[in-house]
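Engineer: Structure below; questions to follow.
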Amino acid sequence: MAVSQTRSMGLPLINLLRLRGVPILQQLHLEERLLRTSYDNWCIINDGTTKPTIVMGVSGKAEELLEIESVIRDEIPVIRRFTGGGTVIVDQGTIFVTFICNKDAFPDLQSYPQPIMSWSSLIYKKVFQGIGDFSLRENDYVLGNHKFGGNAQSITKNRWVHHTSFLWDYQTSNMGYLKLPKRAPEYRQARGHLDFICRMKDHIPRSNFIDRTIDAVGSHFVLTSADLEASQSPLSLNFEPSSRLLKREELEEAIFKSRARRACAASAPQAS
Amino acid sequence: MASSLLWATRAASFLRISVPYRGFATVCKDLKYADSHEWVKVEGNSATIGITDHAQDHLGDVVYVELPEEGAEVTQGAGFGAVESVKATSDINSPVSGKVVEVNRELNDSPGLVNGSPYENGWIIKVEMKNVDELNCLMDPDQYSKFCEEEDAKH
């Protein structure tokens, strides 16, 4: 049996999978399946998703993170994904870039959150060279002091995934579905969503960002184009992903919890 | 300075903790260790499992612990749960095979116990072991200390 080639010219091989308009839940299922059942490195670029969708991290609590009554009224889907991190609302204006890698793709890279985050910033530093004041600030990608992408990771024994949802554009009104998170980086300084984030379209054309990202990836990997069929394998047939859509009953229960919290806070004795 | 170092040495000795030469993460003498940075304390057929000080230090503040169900089977080297820190979920792998008989429910409200007390109050699961011979695959404290030093030196 042939041993699969993992390196060429000293660089690890990576399968580049370019998608367009794939629903975010389908993308998350694909990522988790590749993380758990593939032995290859993957870079997935999904150019926009379908309808506006809220995506919470693995431990996200809807009652703390969302304006649930508005979410239910407007029938906004809410997903809990398999990676850590915060809450985003994604739509056609979002560009997704995901890396799924073997730990030994980069033997000098420790597979812990901070080193992986720093490694990823090297790629985007190259993307934005000469274009904007890019930096990695407290685990966020920023232009100046405005966040333009949400990052999250999942790390297994031998592989890791690092994925980003980039705000190339967004609907201002959609940010109204998200509460201010309890856990926030210091540099946010209690700014509301609209003062904290920025649109990438004000800095770089959409196709230019994707092309520059692929070029930057090519400086760390040897790229091979792949399609969805190539992402299937016998091992993946029985895999059950954990990212899922929250049911309406769960969101209604979250409203109840949210009201209970407010009632407790209101009735707590005031400090004298 | 000298007296505080002596106090620290005596305290470490009392607590049966050895501190590696460069003063990195602590390692406990009574435990066995996996190369994925979990520890196991064996008492008869029972194993208590958690993640090491090295792991919690590198992961950052733990904000959530995904626990298995009591009664679930675990396999040596395979994942049974996860911790969340700094926007990442990281698998926790079992150093031994067996059945989960107890999970540390304190971690639901206080996940930070994994950071503050990785070898004591931050324990994660207790397992009824299937095969004690599996312990032979694990590292002793000195081997694990050296393993951590080598891993950190490489990066």
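Engineer: State which residue is farthest from A:Met117 (Cα to Cα) when the search covers only region B:38-62 and only residues that are in contact with a strand residue (DSSP E or B) (Cβ under 9 Å, 6 or more places away or on another chain) and acidic (Asp, Glu).
Structural biologist: B:Glu38
Engineer: What is the number of the single condition among (1) over 20 Å from the mean Cα position of the chain (by Cα); (2) surrounded by fewer than 16 Cβ atoms within 10 Å (Cβ to Cβ) that A:His203 does not meet?
Structural biologist: (2)
Engineer: Let me ask another. Going through region A:125-153 one residue at a time, which ones are of a type outside the set (Phe, Trp, Tyr) and within 14 Å of chain B (Cβ to nearest Cβ)?
Structural biologist: Those that are of a type outside the set (Phe, Trp, Tyr) and within 14 Å of chain B (Cβ to nearest Cβ): A:Leu136, A:Arg137, A:Glu138, A:Asn139, A:Asp140, A:Lys147, A:Gly149, A:Gly150, A:Asn151, A:Ala152, A:Gln153.
Engineer: Take the conditions within 14 Å of another protein chain (Cβ to nearest Cβ) and within 16 Å of the chain's Cα centre (by Cα) and apply them to A:Ser111. Does it pass?
Structural biologist: no
Engineer: With respect to B:Gly79, is the statement that it is free of Cβ contacts under 8 Å to residues at least 40 places away in the same chain, surrounded by fewer than 22 Cβ atoms within 10 Å (Cβ to Cβ) and either within 11 Å of chain A (Cβ to nearest Cβ) or in contact with a Pro (Cβ under 9 Å, 6 or more places away or on another chain) (or both) true?
Structural biologist: It is true that B:Gly79 is free of Cβ contacts under 8 Å to residues at least 40 places away in the same chain, surrounded by fewer than 22 Cβ atoms within 10 Å (Cβ to Cβ) and either within 11 Å of chain A (Cβ to nearest Cβ) or in contact with a Pro (Cβ under 9 Å, 6 or more places away or on another chain) (or both).
Engineer: Quickly run through region A:97-108 and pick out the residues that are among the polar types (S, T, N, Q) and either within 17 Å of the chain's Cα centre (by Cα) or within 8 Å of chain B (Cβ to nearest Cβ) (or both).
Structural biologist: Scanning region A:97-108 gives a single hit, A:Thr98.
Engineer: Is it the case that A:Lys126 is under 28 Å from A:Ala226 (Cβ atoms), over 16 Å from the mean Cα position of the chain (by Cα) and part of a helix (DSSP H, G or I)?
Structural biologist: Judged against the criteria, A:Lys126 is a match.
Engineer: Quick one: A:Thr156 ticks every box in (1) more than 9 Å from every other protein chain (Cβ to nearest Cβ); (2) under 28 Å from A:Met9 (Cβ atoms) except a single one, so which number is it?
Structural biologist: It is condition (1) that A:Thr156 fails.
Engineer: For region A:30-49, how many residues meet the condition of being buried (at least 19 other Cβ atoms within 10 Å of the Cβ) and in a helix (DSSP H, G or I)?
Structural biologist: 7
Engineer: Does B:Ser97 meet the test of being without any contact (Cβ under 8 Å) to a residue 12 or more places away in the chain and away from chain A (no Cβ under 14 Å)?
Structural biologist: So B:Ser97 fails the test.
Engineer: Could you tell me which residue of region B:67-101 is farthest from A:Arg81 (Cα to Cα), considering only residues that are within 16 Å of the chain's Cα centre (by Cα) and among the acidic types (Asp, Glu)?
Structural biologist: The extreme case among them is B:Asp91.
Engineer: While we're here: From the list A:Leu237, A:Leu246, exactly one residue is in contact with a strand residue (DSSP E or B) (Cβ under 8 Å, 6 or more places away or on another chain) and either more than 16 Å from A:Asn41 (Cα to Cα) or modelled with pLDDT of 85 or more (or both). Which is it?
Structural biologist: None of the other options fit; the residue is A:Leu246.
Engineer: Give A:Glu31, A:Glu64 a once-over and let me know the one that is modelled with pLDDT under 95 and closer than 23 Å to B:Tyr64 by Cα.
Structural biologist: Unique residue meeting the criteria: A:Glu64.
Engineer: Please work out if B:Asn136 is more than 14 Å from chain A (Cβ to nearest Cβ), part of a loop (DSSP other than H, G, I, E, B) and modelled with pLDDT of 95 or more.
Structural biologist: Here the answer is no, as B:Asn136 does not meet what is asked.
Engineer: Sort through A:Ser135, A:Ser154, A:Ser165 and tell me the only one that's more than 25 Å from B:Gln56 (Cβ to Cβ), outside any loop (DSSP other than H, G, I, E, B) and touching a residue at least 40 places away in the same chain (Cβ under 8 Å).
Structural biologist: A:Ser165
Engineer: Within region A:47-96, how many residues turn out to be within 20 Å of B:Ala82 (Cβ to Cβ), of a type outside the set (Ser, Thr, Tyr), within 14 Å of another protein chain (Cβ to nearest Cβ) and within 15 Å of the chain's Cα centre (by Cα)?
Structural biologist: Looking only at that region, the number is 11.
Engineer: Go through (1) more than 14 Å from chain A (Cβ to nearest Cβ); (2) in a strand (DSSP E or B); (3) farther than 19 Å from B:Tyr144 by Cβ one by one and return the number of the condition B:Gly50 breaks.
Structural biologist: The single condition B:Gly50 does not satisfy is (3).
Engineer: Identify all residues within region B:100-113 that are within 14 Å of chain A (Cβ to nearest Cβ), crowded, with 19+ Cβ neighbours inside 10 Å and outside any loop (DSSP other than H, G, I, E, B); write none if there are none.
Structural biologist: B:Leu107
Engineer: Please work out if A:Ser121 is in contact with a strand residue (DSSP E or B) (Cβ under 7 Å, 6 or more places away or on another chain) and more than 30 Å from A:Glu75 (Cα to Cα).
Structural biologist: Yes: the conditions hold for A:Ser121.
Engineer: Ok, one more. How many of the residues in region A:167-186 are out of contact with any helix residue (DSSP H, G or I) (no Cβ under 9 Å at 6 or more places or on another chain) and closer than 12 Å to A:Ile54 by Cβ?
Structural biologist: 1
Engineer: Output the number of residues of region B:59-76 satisfying the condition of being surrounded by 22 or more Cβ atoms within 10 Å (Cβ to Cβ) and within 12 Å of chain A (Cβ to nearest Cβ).
Structural biologist: Looking only at that region, the number is 3.
The values are calculated or read from the model by the stated rules, or taken from the named source; none is laboratory data. Since the model is a prediction, treat every value here as computed from it, not as a measurement. Glycine gets a Cβ as well: all are built from the backbone with ideal geometry, and neighbour counts include every protein chain shown.
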